[in-house]
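Structure, as structure tokens:
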Amino acid sequence: MRFVRSVASLSVLWLLLVVPTWAQQRASLSGFVRDATTGETLLLANVVLEGTSLGTATNNAGYYTLTNLAAGAYTVRATFIGFQDVRVEVTLAAGEERRLDIELSPDDVALEGVVVTAEAELEEENRNLGVQAVSTETIRQLPTILEPDVFRSLQLLPGIKAASDFSSGLYIRGGSPDQTLIMLDRTTVYNPSHLFGFFSPFNPDAIKDVRLYKGGYPAEYGGRLGSVVDIYNKDGNRNEYRGRLSVGLLASRGLIEGPYKYGSWMLAVRRSTIDPLLAALRNADIANIPEKYFFYDINGKVNFDAGDNDRFSVSVYAGADNLEATFFEDLDIDLVYGNQTLSGNWTHIFSPRLFSNFTFTSALYRSDPVFNLANTDFSRINRIYDNSVKGDFEYISNERHSLKVGFWSGNFIMRLNDTFDGNPSLNTRIQTFYSALYVDETFKPTGEWQVRTGLRANYFAEGDYLRLEPRLGLEYRPEALGNVRLQVGYGRYYQFLTLITSELFSAFDVWLTTDDGVAPAFGDQFVAGAKIGLNDGINLDIEGYYRTMEDLFVLDPFLPDAAGFDYEDLFMRGDGFAYGGEVFLEKTEGRLNGFVGYSFAVTRRRFPLLNDFNYFSPKYDRTHDISIVTNYDLSRRWRATVAWVYGTGQAFTRPNGQYKLLDDPFGNASRDVLVADFNAQRLDAYHRLDFGFTNIGRFFGFADYEFQIQAINAYFRKNPWFVFTEFNDDGTTETSQVNQIPVLIPNLSFSLKF
Amino acid sequence: MTRRPETWDVNPAAMTRLALLLALTLGVGACDISDPDGFEREYIVEAYLEAMQPIGQVRLSQSVPIDGVFDFDALSVGGAEVRMLLEAPDGSIERTLDFAPSPSERGIYRALDASAVALPRRTYRLEVNIPDGSTLSASTIVPDTFSVVRVNNPSAVYASDDQVSLDLTPSFYPGRQSYYLFTVESLQPTQDNLVPFIFAFIDDNGDGVLDADDDFEPDDLLDIRIGNSPPLNEANYTVNADGSLNVPLPWLAVAFYGPTTTAASALDDNLYDFIRSEAVQQGGSTLSPGEVPNILTRIEGGKGVFGSFARVFQEGIVVREE
């Protein structure tokens, strides 16, 4: 705990040092930006003073601050994608600290038939290096395999790859899924999947904001080599009681939200609804249909507005998958896995210049598979408990300096108990304290230049590792070029966890940590980009990156049995690198909107026991990816959405030789051996067209309805998933391709919003 | 096709393999796309030493392109010089065993001294000189011998709580715990004796009859007559008061009712590496589907295995449940 106290003391000390630098005679403007209809705070909304170069973005709580303003009259303009711009005239006196909360009304383009043609303007935070945000409306609109899904929507963005149609895992800029930190309301989520990896567990109805840091992420985040997905639940409607009901082919969802005397609340529930289908299939004597399968999610949040400067909230999430099935008569599978999170948040505004946020988080991941085959049991109890506290302070010194400092300390427990045939086969319990302290300073020496420097110190008790992570970002906005930002960034990142997972079946995921002899993995990221705002709400992003991955530690895939091994001997150590370029062209407004993304990517890794310790392409490495997503408002009530993706082939191993051992002393007629260059070949290209139509209107006068009809894989593309080679009895081999979803998948959903 | 449903793996790799099996079983389509590009022919050596048993033969052959057929007669390598060196504890050569080509089988080489046995806890080095100038070499340390102290429940009802178990004296291997491989051989591998799980696994169409509709031929039973575990570590097992290891036989390992022979083999590093990586090559690991690593061989100049082991046998009976 000594480290925690040190971290807290340093935070306070830092603030004490900077607070006296306040300029007393200059005015300031600060407040929340909210959705006028719901009262939800809007994260990363733009707030600018027209006619000046002054502007900022709301933070993760929807709060903005403009300081060091000269006395006088200003036009404050607030913008947010999907909302109508608001202009407010204010006159500030010398030394005045004006609180100005701003409310924005949604566009409602489709219903009203209004085409908003706002000035093309670059949002502040959303246009930072490596950052992309996806609106929940976009997630709901995109054609989807059975159920709208946050991660599958993210997979359409350049730089993010999917392993297959069956996986919602995020492979970002050459990183495996464990290299992405996934947070829900500031709480780490350790295995975000439903249906064994097919879906992510985030109910789009319950979510307010999804923000993705693809790389070069700032010092306030840490613990992963690659990227961050930061998701926030809705606060709940502060103005009126509202609800939403959705019925889909796989699952149904419900949301209710509303105000109460001191704030707002929200409760969202989602549950799979395929139970009757499974029962019908079982009754029709279809083989291998599970006796039981369902998943559910519950999201809830309560806000307590204690005053203008204090807000408290409690957020909960609980989700799980439950499977009971029997295969081949004697193979019984009983599986429960899922996540639970709880977070308590206190937002306190010390002054217009000093904003703070304190959070307590608690995360639980459980996976309890039980197999019984011929009365031979295999069972596992896998638990992760992660309890933490974090504090973040934002201090706006003046229009040139802003500072963020914070800490994050917690206790991580991983428990893994395996039994085989009634006897314990593995008992592991890892408990470790971890802590981090960060400083992140943004300096704008001129209107054209911005320098962002950061330093994060990470301490991980298991192995006693203290690591420093410097961050640096440089931005140049040449006035002569208008809405253009040129950016470069660098960061070092450490990771103290590794994930044992399978692309086939994510329900058995196990996280392991560093320890004595198992040093943390680390990597450097170099990122450069240009953000260009064109006319008519069109933005163009171009980014390039190079990143290294050192001291990667993954479970030795050749280890048949871990019993009796020293912890450090369970791992295979390796390294890797990735580089690439991405282009993202989006049109955010008008009847025709959408985006086009292209990425070029190269990823290589190497491990001692694979490919003779030479670099190889991991399976998820694809060189070229294109995605085109368009929405077109056919009329006031109909919208068409089309998504087409193309990716060059993934890496795979095609054996080119074989031999047999014929004198096996253990009774095999022969041992058949394949000889291959590891992952040296490429599967055929992947491409898929999805489209859908959305109809909206009034439902018997008491609710708005939304009906969606969609088609996935419209032209029945048989995209390859993987290739395997088997030996035939006559000594020949047979190499076969297993396809991804080979047919058109229809999808229907109906939603009521009241 | 080869069927090997009888391993009793206990780690995540086993579950991955199971998931792969389920994915394929549940109707994911497949089509043939073979391509032999990039093949390079290599020499293959195969030789095993069993502790306190006569030193066996050495087999030499070559690999074949993936679209070919491995016909040993056609691929055998004759005219090679083969010898095995027994190292003294100080690393010097204590004895040289020369091998001669079999007069009747090309590619087979046998020790000239037929009485020589493989000594436990000793290092042997195999050296092969091929007429084209290529050389192959490999070393093995022979695991120590061990024995069966007692057999518990030698005649047990299938899937009952009272399992067959062996009490074994522990083997010894320098520098590490022992790795064991267990082999269960049915002595009456008939269709009537198939245990329910294996029957259902073969019965693809679920009609309760094994026939051509299930891609089944009677000779397939011979393929599953013998089942092997993956390598299992000594640390898995309870140590009895007398120092012996109690090794229960999982029912998962049993494919047939009736008399069986169970063998426990302690493996050297070479066999351990070969067998564990063979399992990964067949799809059981944390690697993504379609990622096929090469077998871990410890042969300089070629491929194959020069392995050693120590082994004990025990017979028992699997009784049909009521």
| Karplus-derived HN-Hα couplings along region A:424-434 (A = 6.51, B = -1.76, C = 1.60, θ = phi - 60°), whole Hz, x at Gly and Pro | x, 10, 7, 10, 10, 9, 10, 10, 9, 8, 9
| query | region A:477-520 to region A:271-322: how many Å between their Cα centroids? | reply | 29 Å
| said: Strictly over 28 Å apart at the Cα level, which of A:Lys214/A:Lys390; A:Lys161/A:Lys587; A:Lys404/A:Lys531; A:Lys292/A:Lys390 would you flag in this model? | reply: A:Lys292/A:Lys390
| Of all DSSP beta bridges located in the protein assembly as shown, what percent are antiparallel, nearest 5? | 95 percent
| Scanning chain A for trypsin sites (Lys or Arg not before Pro) in DSSP loops with at most 16 other Cβ atoms within 10 Å, what's the longest stretch left with none? | A:1-260
| query | How large is the charge dipole for chain B, taken about the Cα centre, if only the Cβ atoms of Lys, Arg (+1) and Asp, Glu (-1) carry charge, to the nearest 20 debye? | reply | 1320 debye
| request: Label chain B by shape, choosing from rounded, prolate and oblate, from the square roots a ≥ b ≥ c of the eigenvalues of the Cα gyration tensor; if a/c is under 1.5 it is rounded, and otherwise prolate applies when a/b is larger than b/c, oblate when it is not. | output: oblate
| task | Averaging sequence separations of C-alpha pairs under 8 Å and six or more residues apart, then dividing by the length of region A:555-624, give the relative contact order as a whole percent. | result | 27 percent
| Contact order relative to length of chain A, as percent, for alpha carbon pairs under 8 angstrom and 6 or more apart | 10 percent
| message | As I understand it, the dipole of region B:71-193 uses +1 on the Cβ of Lys and Arg and -1 on the Cβ of Asp and Glu, about the Cα centre. Which of B:Val142, B:Thr169, B:Ala88 lies farthest toward its positive end? | response | B:Ala88
| said: I need the calculated FRET efficiency for the pair B:Glu217 and B:Ser104, taking r as the beta carbon distance and R₀ as 30 Å, to the nearest 0.05. | reply: 0.45
| query | Can you give the average number of partner chain beta-carbon atoms within 10 Å of each beta-carbon in peptide A:547-557, as a whole number? | reply | 2
| Placing +1 at every Lys and Arg Cβ and -1 at every Asp and Glu Cβ, with all other atoms neutral, what dipole size does region B:250-315 have around its Cα centre, in debye to the nearest 20? | 80 debye
| field | Cβ-based charge dipole, region A:258-300, positive-most Cα from A:Asn283, A:Ser264, A:Ile298 | value | A:Ser264
| query | Rounded to a whole number of µm²/s, how large is the Stokes-Einstein D of region A:452-500 at 37 °C and 0.692 mPa s, given Rh as the Kirkwood radius over C-alpha pairs? | reply | 243 µm²/s
| said: Helix A:2-18 against the longest principal axis of chain A: what's the angle in degrees, Cα atoms only, rounded to the nearest 10? | reply: 30 degrees
| field | Net charge, A:Leu552 excluded, C-beta distance under 13 Å - Lys, Arg +1, Asp, Glu -1 | value | +1
| message | Counting pairwise Cα distances across region A:547-659, what percent come out greater than 16 angstrom? | response | 73 percent
| note | Rounded to 0.05, the calculated FRET efficiency for the beta carbons of A:Val602 and A:Leu455 at R₀ = 41 Å is 0.85
| field | Charge tally in the Cβ shell below 12 Å around A:Glu291, where Lys, Arg are +1 and Asp, Glu are -1, A:Glu291 excluded | value | -2
| remark: The Cα extents of chain A along the principal axes, largest first and rounded to whole Å, are 94, 63, 50
| message | Starting from the 7 Å offset along Cα-to-Cβ, what nm value, one decimal, do you get for the label separation of A:Asp729 and A:His687? | response | 4.3 nm
| message | Mean-square fluctuation check for chain B, GNM, Cα pairs under 10 Å: which of B:Asp215, B:Asp223, B:Asp67 is largest? | response | B:Asp67
| By the scheme Lys and Arg +1, Asp and Glu -1, what is the net charge of all other residues having a beta-carbon under 14 Å from that of A:Tyr632? | +3
| query | Straight-line reach from A:Lys660: which lysines have a Cα under 29 Å away, not including same-chain ones fewer than 8 places off? | reply | A:Lys619, B:Lys303
| task | For A:Asp556, enumerate residues with amide H under 5 Å from its amide H, sequence gap 5+ or separate chain, H modeled in the peptide plane. | result | A:Phe571, A:Met572
| field | Equivalent ellipsoid, region A:361-405 (semi-axes from 5 times Cα gyration tensor eigenvalues, Å) | value | 51, 9, 5
| request: Could you give the C-alpha radius of gyration of region A:181-279 expressed as a fraction of 2.2 N^0.38 Å, taking N as the number of residues it contains? | output: 1.29
| note | Counting only DSSP beta bridges with both partners in region B:69-192, the antiparallel fraction in percent, to the nearest 5, comes to 100 percent
| field | Percentage relative contact order, region A:418-555, counting C-alpha pairs under 8 Å, at least six apart | value | 17 percent
| message | Placing unit charges on C-beta atoms (Lys and Arg positive, Asp and Glu negative, everything else neutral), compute the dipole magnitude of the protein assembly as shown about its Cα centre in debye, rounded to 20. | response | 4420 debye
| remark: If N is the residue count of region A:398-479, its Cα Rg over 2.2 N^0.38 Å rounds to 1.83
| said: Let me make sure I get this right: for region B:58-158, a, b and c are the square roots of the gyration tensor eigenvalues over alpha carbons, sorted descending. Under 1.5 in a/c it's rounded, otherwise prolate if a/b > b/c, else oblate. Which is it? | reply: oblate
| request: Over the residues of region B:214-322, compute the C-alpha Rg and express it relative to 2.2 N^0.38 Å. | output: 1.32
| For region A:688-746, what class follows from the C-alpha gyration tensor (a ≥ b ≥ c being the square roots of its eigenvalues): rounded when a/c is under 1.5, otherwise prolate if a/b is larger than b/c, else oblate? | prolate
| Among A:Tyr459, A:Thr514, B:Ser229 - extreme Cα towards positive end, dipole of the protein assembly as shown, charges at beta-carbon | A:Tyr459
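Quick note: the coordinates plus some simple rules give every number you see, no bench work behind them. What you see is a predicted model; the values in this text were computed from it and never measured. Every residue, glycine as well, gets a Cβ built from its backbone with ideal geometry; the counts of neighbours run over all protein chains shown.
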